[in-house]
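This report concerns only the one structure given below.
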Number of protein chains: 2
Amino acid sequence: MLSLDRNAATPLADQIELRLRELIATGQLPAAARLLSIRQLAAQLQVSPNTVVTAYDRLVALGLIESRGTAGYFVSESARHPAMPDAAVLEAGEEQEAVWLVQQSGDQRAGVLLASGGALPPAWLEDGVPAAAVQRGLARASAGMASRCPPQGLPELRERIAMVLRGIGIAVDAGRILTTYGGTHAIDLICRAFLQPGDSVLVEDPGYFLMFDRLRKDGIRIIPVKRHPDGIDLNELEAACVAHRPRLLFIQTVVHNPTGWGSSAANLHKVLVLAQQHGLLIAEDDVQGHFHPGHATRLASLSGLDRVIYYSSFCKSLSPALRMGYIAAEPALLKALMREKIYSVLTGSALQEYVLLEVLAAGRWRKHHDRLNAKLLAARHASARQLVGAGITLDHPGEGGLFLWGKVAPEVDLPLLVQDAYRNKILLVSGATFSASQAFASHIRFNVAFSQQTRLSDYLRTRLASLAGAQQALLRAGSAQSKLP
Amino acid sequence: MLSLDRNAATPLADQIELRLRELIATGQLPAAARLLSIRQLAAQLQVSPNTVVTAYDRLVALGLIESRGTAGYFVSESARHPAMPDAAVLEAGEEQEAVWLVQQSGDQRAGVLLASGGALPPAWLEDGVPAAAVQRGLARASAGMASRCPPQGLPELRERIAMVLRGIGIAVDAGRILTTYGGTHAIDLICRAFLQPGDSVLVEDPGYFLMFDRLRKDGIRIIPVKRHPDGIDLNELEAACVAHRPRLLFIQTVVHNPTGWGSSAANLHKVLVLAQQHGLLIAEDDVQGHFHPGHATRLASLSGLDRVIYYSSFCKSLSPALRMGYIAAEPALLKALMREKIYSVLTGSALQEYVLLEVLAAGRWRKHHDRLNAKLLAARHASARQLVGAGITLDHPGEGGLFLWGKVAPEVDLPLLVQDAYRNKILLVSGATFSASQAFASHIRFNVAFSQQTRLSDYLRTRLASLAGAQQALLRAGSAQSKLP
């Protein structure tokens, strides 16, 4: 049952161990099954007995097999698949709930097309984190493995992040940077530091759905302000400032999620003027910003961080396995945020921070981003063409990034389509999910990295045609068992 | 200015780079200084010019030096020390505030004796994380670097953690485990999932100060219940249940922080009976539990996780650089906790989780814990002897772990002593900090790994003698400039 690759870089003991783990995990070697003896397996594989001993020892340490003295080695009882379902298992109907959508859309299970997913396909990121840089980071982390990371973040990494920000026109130094476990953590710290139950907060409509949920749960009043292709609606913004005296505005100025839209410099200037007039704090979300294909103006650069808390992350563009984000803000604001970081997680991970430091220092990440953005632009054009051909309307093509904001005809029952697509292993998310005002009931967010596939356009073309006009009733009657016709 | 170690495992280019980084960071190579040319440095160090090119390229990528064409390489302007102070810099008087104490007590700055610190000295943990295991974890993480960690945690790691828990008598499987970024993160998720402003929560007195702060900030009513050497005070616990109808009890049953005390099985049984009678949820904190030198009964094992949420971490005993903790709970509770994990940080770090998985699989961590606990017991005896000799009273020696709970005479002005010690580079934290009831004004938490040093006992002996009786007034008058006499 085992075969070894003698040309592989992976040591033979590792190969034996990993292959046996697979056999145990898949049940091909069931609980209580007896393994070949060390000598038998060594002879069969033509390796030294010591190699087999190393592999078996590790499996014993992992608790997957156990030695029963002279009787030999056996698969452990506890190695069997756990009887208790994971908390990750969802009940029927929960899959469109915002908090679990996040889980779904990162779930790269075989066969599910993440047409509305929030992440890039893993293959697109494979060159983002060079193994050599990770090795170097690890070597430095190992030296510091016994020490705690300072709560603000490693000084060298903060200096490096500050240089990245200066490169896009935001004047900061390491003293104004706080590291986080990704963009969601940055949002969480901002909410904790500056918002109280009952506060009013302005958000873009559409916008980041997980944040809406999080704010509501904390008793925050969400005031939606409409988003246009060139920025937030300034009249609505001003009216909302007057009517609600909001504490904070959450805004994505560049490659906006879910629309892919940007903001004009004039629009951003006016946003800052209004913020000044109405004592409004701004949280500028730039987690999609690395996907901007060229030069963009941001609130953080226009304002010199006056009233603006800026945050971004490397999770989307570099590696989702490295949960690293960062906040830039004035020292007084940053100290309040650091206090909340200590309350919520005590501090960051020195291992992650050293690895990120070396990945950034290796310098190749800029080229990686350039390649990624070229690929995204091509995918954007191809996806737009396929989707329009399948009957989707695009409000505005946007400036780049992962997302296209499409629309079906108003008579289409979108929740029904979403359910049907899910049964056909296509993850679609309705625009209503991204809305703080129950709007966008006919919109869909499309991830351009997945939406050029003909499997999606074929599905949509057939379904939308069958949904058109009077046939809707028919589909509804048959939807419980419906598959692709 | 540079010298190389040709026998070191570190490649020569890395050595050159790291040495130049140091010279720049310390200002020995100031901004705008010109570096030796590639040929000059290669000749001086007797290395290939390519080696110098590699080092210089990385420094350019780091933004520390810049090439000015034929003029050569210069230290960047932006490489200079940031003008803006770190948010980490505290203002006068803040160093005894709970949230910043955490920062202080992890701060291994030269010369500060962390006599009341919360962590082990880095040297004690050096063998905790074998480099080979980290390498293996990294190799596996690299393959998954482009994928997101499932929000519940890597299934294999959860299975491994479940085995660790079964090893101490807690019957769980991987489905009941949720990974976190350490113990503080576990506390945060529990508060978010199960507590509302206005709720009453029972805490041990003394207990974990950062948690008290965090609860108060959220508008939770804290009800202190007295801690004894053999467990929580059962009469007070029952009275508090009747009077306050609390939602939750936070409790450390084993090697309690700050006292080092344990709990008898009979005490724990009664706690469970009371919890059942009064509909009380229990959060059992076991982050110090790895420091228990033998077998201990815990609420999680007695209850089979009925009404008990258990959490612990590897940050204290294995590596503070790897921020990894875990929660064990029934699926319905765990799902609520996972929801909060998604809201707060989206998910865990696959890099960290793979590294921890391999460290645990390597099996050596048990031996590491055994060695650590032997060392801690020896340090405990030595520290107790030194402290008693210096005039400190110990209420009860406790069962093990990092901490001894000492007391000065009631007439000693402890806040004054703490301030004076800090000026003398000794971090002491008053017992009042650990109290939810303003008690323990004469207690001090001592970290046994640091408290055997004669520098501490000499200081305490001299100071306590001079503070005794009528001399207190004298010290107070002179305290502003006081140094060790």
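The values are calculated or read from the model by the stated rules, or taken from the named source; none is laboratory data. Values in this document were obtained by computation on a predicted structure and should not be read as measured data. Glycine also receives a Cβ, built like all others from the backbone with ideal geometry; neighbour counts cover every protein chain displayed.
One residue is enough: does segment B:398-410 have a residue meeting the conditions more than 26 Å from B:Gly262 (Cβ to Cβ) and part of a loop (DSSP other than H, G, I, E, B)? Before the answer, list the steps.
Of segment B:398-410, the ones more than 26 Å from B:Gly262 (Cβ to Cβ) are B:409-410.
Narrowing further to those that are part of a loop (DSSP other than H, G, I, E, B): B:409-410.
Taking every residue of segment B:398-410 in turn, at least one turns out to be more than 26 Å from B:Gly262 (Cβ to Cβ) and part of a loop (DSSP other than H, G, I, E, B).
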Hey, any hits in segment B:81-99 for a residue that's surrounded by 15 or more Cβ atoms within 10 Å (Cβ to Cβ), at pLDDT 85 or above and within 14 Å of chain A (Cβ to nearest Cβ)? no
I need the full set of residues from segment A:306-327 which are more than 22 Å from the chain's Cα centre (by Cα) and surrounded by fewer than 24 Cβ atoms within 10 Å (Cβ to Cβ), in order please. A:Asp306, A:Arg307
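Can you tell me which residue among B:Ala275, B:Ala266, B:Ala240 is small (Gly, Ala, Ser), surrounded by fewer than 21 Cβ atoms within 10 Å (Cβ to Cβ) and more than 19 Å from the chain's Cα centre (by Cα)? First the steps, then the outcome.
Values: B:Ala275 fails: surrounded by fewer than 21 Cβ atoms within 10 Å (Cβ to Cβ); B:Ala240 fails: surrounded by fewer than 21 Cβ atoms within 10 Å (Cβ to Cβ).
None of the other options fit; the residue is B:Ala266.
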Test A:Ser319 against the criterion of being among the hydroxyl-bearing types (Ser, Thr, Tyr) and either outside the structural domain of A:Gly169 (by TED's automatic domain parsing) or outside any strand (DSSP E or B) (or both), and give yes or no. yes
The condition from (1) among the charged types (D, E, K, R); (2) more than 30 Å from B:Ala131 (Cα to Cα); (3) outside the structural domain of B:Asp285 (by TED's automatic domain parsing); (4) buried (at least 19 other Cβ atoms within 10 Å of the Cβ) that B:Asp395 misses is numbered (4)
Would you check if there is a residue in segment A:334-349 being without any contact (Cβ under 8 Å) to a residue 24 or more places away in the chain, under 30 Å from A:Arg307 (Cα atoms), crowded, with 20+ Cβ neighbours inside 10 Å and within 14 Å of chain B (Cβ to nearest Cβ)? yes
Considering segment B:211-227, residues that are surrounded by fewer than 16 Cβ atoms within 10 Å (Cβ to Cβ) and away from every other protein chain (no Cβ under 14 Å), and then whichever is farthest from B:Leu394 (Cα to Cα), we arrive at B:Arg221
When you scan segment A:280-291, do you find a residue that is at pLDDT 95 or above, touching a Cys at 6+ places or on another chain (Cβ under 7 Å) and outside the structural domain of A:Ser430 (by TED's automatic domain parsing), even just one? yes
Against the condition over 20 Å from B:Tyr343 (Cβ atoms), under 23 Å from the mean Cα position of the chain (by Cα) and hydrophobic (A, V, I, L, M, F, W, C), how does A:Leu356 come out, does it pass? yes
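What number of residues in segment B:193-209 are touching a Gly at 6+ places or on another chain (Cβ under 7 Å) and at negative phi?
Here is the first cut: in segment B:193-209, the residues touching a Gly at 6+ places or on another chain (Cβ under 7 Å) are B:197-198, B:206.
Imposing the further condition that a residue be at negative phi reduces the set to B:197, B:206.
Within segment B:193-209, residues that are touching a Gly at 6+ places or on another chain (Cβ under 7 Å) and at negative phi number 2.
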Can you tell me how many residues in segment A:159-182 are more than 8 Å from chain B (Cβ to nearest Cβ) and under 23 Å from the mean Cα position of the chain (by Cα)? 7
In segment B:100-130, anything more than 8 Å from every other protein chain (Cβ to nearest Cβ), modelled with pLDDT under 75 and surrounded by fewer than 19 Cβ atoms within 10 Å (Cβ to Cβ) is listed as B:Arg109, B:Ala110, B:Gly111, B:Asp127, B:Pro130
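Restricting to segment B:359-385, and then to whatever is more than 22 Å from the chain's Cα centre (by Cα) and either polar (S, T, N, Q) or part of a helix (DSSP H, G or I) (or both), can you tell me which residue is farthest from the other protein chains (Cβ to nearest Cβ)?
As a first pass, look at segment B:359-385 and keep what is more than 22 Å from the chain's Cα centre (by Cα): B:361-363, B:381-382, B:384-385.
Adding the requirement that they be either polar (S, T, N, Q) or part of a helix (DSSP H, G or I) (or both) leaves B:361, B:381-382, B:384-385.
On the way: B:Ala361: 5, B:His381: 24, B:Ala382: 21, B:Ala384: 25, B:Arg385: 27 Å.
Filtering segment B:359-385 for residues that are more than 22 Å from the chain's Cα centre (by Cα) and either polar (S, T, N, Q) or part of a helix (DSSP H, G or I) (or both), the one farthest from the other protein chains (Cβ to nearest Cβ) comes out as B:Arg385.
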